[in-house]
Every structure is written in C-alpha cells, then in structure tokens.
Amino acid sequence: MEKALLVTVKLKYSKGQWDIDDIAHELEELVMTSGPEVIDNVHCSIEKPTPNFFIGSGKAHELAALAQEEGVDVVIFSCDLSGVQQRNLEEVIRIKTIDRTQLILDIFARHAKSPVGKTQVELAQLQYLMPRLIGKGLILSRTGGGIGTSGPGEQRLEIDRRRIRKKLDRLREDLRGYEQQRVTQKKKRQDKPFPAVALVGYTNAGKSTLLNALTQAGQVVANSLFTTLDPLSRVLQLPGGEQVVLSDTVGFLNDLPHHLIDAFKATLEEVSDAQLLIHVLDVNHPRVYEHSKAVYDVLKQLGAHEKPIITALNKIDLLEDKMRLDRLIRDFPNPIPISAKFKQNFELLFKEIEKNFVGSMVKLDIVIPHNRMDLVDLFYREGKVISIEYLQKGISIKLNLPKILAEKLTQKGIIKG
C-alpha cells in the first residue's frame with residue numbers, strides 16, 4: 001500500500017471557502033477511497049498562490065524534508081496545480097506529486113464500469129495530462145502502479161504529443177457515437193408515458209441506497225466517495241398507479257472542476273433530462289448546508305437548478321438531535337425526512353413525487369373485447385387497475401392510466417375517449 005502525505009491548502013482571504021479542517025477531512029476521505037495510507041496531513045494557509053510552487057519555495061522544501069523523513073510514496077494536494085507548479089514541486093520533493101483533480105480522476109477510473117464511463121474518464125485524464133507532458137519531471141518517469149496511474153497507464157504517459165492528440169480525437173469520436181446512442185435511447189424513452197426523476201446529491205449521501213430501496217435495483221452501495229459513476233435507471237410504480245423512471249447519478253463534490261463536469265456530460269445527462277429532481281442530503285453530516293450549496297452550484301452549471309426539487313433528508317435513523325431535523329425541515333425546499341436504509345417515511349416521499357405529476361394519470365371506466373387480453377396485460381403493466389369484471393359483453397375495467405398512453409390508445413381507436 002502506498003503511503004501518502006497530504007497537503008491541505010487554504011487561501012486566507014478567499015470568500016465562501018470551507019474551513020481548513022473541513023477541506024482536510026474531505027481530502028482524507030478522497031484519498032482513503034483511492035487506496036493509499038495517510039501518513040500525515042500538513043495544513044498550509046497562504047495569502048495567494050505563488051506561480052512556481054503554489055505554496056512558496058520555503059514550504060516546498062519543508063515538505064521535501066518531511067516526505068523523506070516519513071518515507072512516503074506520494075504527496076497529494078487539496079488544490080489544483082498548474083503543470084509548472086506540479087513539475088517544480090516534484091523536482092524539489094523528489095516524490096510523485098498529484099493534485100485534487102488527478103485524485104478525483106483516479107477514483108473515477110477505478111469506479112467506471114461501462115464503455116462510456118471508461119471513455120469519459122480516459123478522455124478527462126489525457127486532457128489533464130496533456131499540458132503536463134513538458135520537461136522531464138517525475139510525471140514522465142513513474143513506474144509501477146499506485147494512485148494517479150489508473151486509466152491511461154504508464155505507457156500512454158510516455159508517448160509523444162502527436163499520438164496523444166490522435167488518441168484524444170479517437171476518444172472524442174467514440175463519445176460522439178455514444179451520444180448518438182443516447183439520443184436514440186432518449187427518443188425511445190420519450191415515446192413511453194413515464195416521467196423522468198433523477199436522484200442528485202453530494203457523494204455518499206445515500207442515493208444508491210435509496211434507488212435500491214425504492215426499486216430493488218441492485219446498485220452497488222459502499223461507504224465511500226463516487227461509488228456510482230455510471231448512471232442506472234429503473235421504473236418505479238407509485239401507490240396511485242403512476243410510473244416514473246428513477247435514475248441514480250454520480251455524486252457531486254464541493255468545487256467540482258468545471259472541466260470535469262464538461263467531460264462527464266453523458267453521466268450527468270439524466271439530471272438535465274429529468275422532470276423532477278430528488279436531492280438526497282445526509283442530515284448527519286456536519287457540513288450538510290455546504291453540501292447542499294455544492295449540489296446547487298453543479299445544478300446551476302448544468303442549467304437544472306430551476307427544476308422542481310424534493311429534498312430527501314436522509315439517514316434520520318442515525319440522527320439523535322430532533323431540533324437539528326426541525327431546523328433542516330425549515331431550511332430546505334419540499335423536505336421529506338427519510339431513512340433509505342430502513343425505508344422510513346417512504347409513503348410521504350411517494351405523495352410528494354405524485355404531487356409533481358398530477359394530471360399525468362387519467363381515470364378510465366371501459367369495456368374491452370374478450371379477445372384483447374393483451375390490453376389487460378398492458379393495463380396491469382403500465383397503469384393501476386382498480387377493478388376488473390368479466391361480463392358477457394366484454395371485460396369491464398376501471399383503472400388509472402398514464403395520460404400519454406391513454407391518448408395514444410384513443411387515437412388508435414383501441415379505447416373510446
């Protein structure tokens with residue numbers, strides 16, 4: 001296991017930035033998700049970044065001495081470094097040095113499972129590495145595995161710029177192909193009468209647990225960051241008979257780099273396409289308000305912040321402070337306190353979802369011929385059958401049916417309007 005020395009950096013006069021202890025804690029969570037053992041976490045509070053080392057020459061030499069003393073394998077910064085800063089730091093510290101973006105990309109590379117997810121990760125990694133392939137820093141002489149090497153791999157780090165550009169062009173072409181597939185799939189979804197609902201939230205807030213509890217989706221769940229990278233969609237039938245397509249999405253993060261959002265548009269497209277968002281919040285986390293702000297910041301970048309949003313205040317089974325929950329209920333829009341793990345208050349969540357799709361179902365009282373059992377199967381599958389009676393003149397059915405489907409069947413003369 002690699003040994004990691006962490007460097008948490010805070011700009012003294014930066015507005016709206018987290019406390020240095022909170023930045024340090026989240027960096028440790030990211031590193032633990034990626035695998036290395038954390039040896040130490042050095043805090044640096046600086047007025048402004050320096051162009052050569054970000055933290056200044058003196059601090060860089062202090063880190064070099066500490067890294068040698070502790071025998072660490074990698075130094076990880078909580079901030080993003082320029083190619084020049086990263087190379088200069090590696091030359092002084094003489095140990096592999098990576099920044100926050102490369103750490104996140106490393107985690108993404110480990111968790112991407114689908115072809116499109118893997119392509120997005122590799123594209124983002126090569127775009128990140130391209131400006132850093134100048135000179136003879138340690139970034140070009142890394143051997144073996146470890147953090148910061150998942151994805152393109154050592155061989156690709158050593159190929160020339162021309163070959164990297166060709167690889168980038170190939171990956172972009174692959175993504176365009178996946179995008180065309182998504183357009184086709186989207187058209188098929190639009191032909192179906194199901195509204196789209198997306199789960200959004202800070203990483204590790206419990207979105208995948210909620211999806212599994214609501215739909216038995218079998219989504220992988222773990223107490224770590226970015227467990228879900230590839231979106232998963234399942235049909236959810238609500239108590240009133242309405243059906244929606246519920247999608248899990250990648251967890252958001254504070255100050256998620258904008259270029260990563262651009263690179264992972266395919267993963268985040270479910271958010272843009274949804275008619276309703278369910279914002280899952282971990283009520284026990286001490287930075288719950290900051291987590292919410294980070295989520296809304298990403299939603300704004302996606303142009304999705306004005307969509308209808310339900311706030312699922314998750315993990316109430318772990319909450320001991322009732323006053324805290326009351327305060328959260330007051331502070332967040334359309335709040336529903338839930339426990340995804342124990343399925344608490346799901347009936348309240350269902351009602352809130354149904355409110356957003358009032359009018360999407362129509363009540364029908366129809367009679368169909370005995371030889372149209374295929375319609376009976378369709379009604380049970382797509383709607384909510386209230387009663388069914390087999391009469392001499394035909395099959396009498398009272399049911400709720402999605403409005404779009406009812407209109408299509410009426411247009412085709414299958415049922416009378």
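Worth a mention:
- Check: the range 257-343 dipole with +1 on Lys, Arg Cβ and -1 on Asp, Glu Cβ, in debye: 240 debye
- Estimated distance in nm for a label pair at N334 and N284, the labels positioned 7 Å out from Cα along Cα-to-Cβ: 2.7 nm
- Counting other Cβ atoms within 10 Å as a rough exposure proxy, the listed residues D73, D21 run D21, D73 from fewest neighbours to most.
- The relative contact order of the range 361-411 comes to 47 percent, based on Cα pairs under 8 Å that sit 6 or more residues apart.
- Over 20 Å between alpha carbons, listed pairs K118/K167; K113/K207; K363/K403; K59/K96; K113/K307; K355/K384: K113/K307
- Size of the range 1-127 as Cα extents on the principal axes (Å, biggest first): 45, 36, 27
- Each label point was placed 7 Å from the Cα along the Cα-to-Cβ direction; for R162 and L391 their separation is 8.1 nm.
- The range 192-355: relative contact order as a whole-number percent, Cα under 8 Å and 6+ apart: 25 percent
- Contact order normalised by residue count of the range 71-122, Cα under 8 Å, 6+ apart, percent: 35 percent
- The ranking of E47, E90 from fewest to most other beta carbons within 10 Å of each one's beta carbon is E47, E90.
- Spin-label zone in the range 70-99 - amide nitrogen under 13 Å from a point set 7 Å from the Cα of S14 along the C-beta vector: 77-82
- Gyration tensor verdict on the range 192-355 (Cα atoms; rounded if a/c is under 1.5, prolate if a/b is larger than b/c, oblate otherwise): rounded
- Sequence of R234, R94 once ranked by neighbouring C-beta atoms within 10 Å, starting from the fewest: R94, R234
Every number in this text was worked out from the coordinates using simple rules, so none of it is lab data. Quantities reported herein were computed from a predicted structural model and do not represent experimental measurements. With ideal geometry, Cβ positions are generated from the backbone for all residues, glycine too; neighbour counts draw on all protein chains shown.
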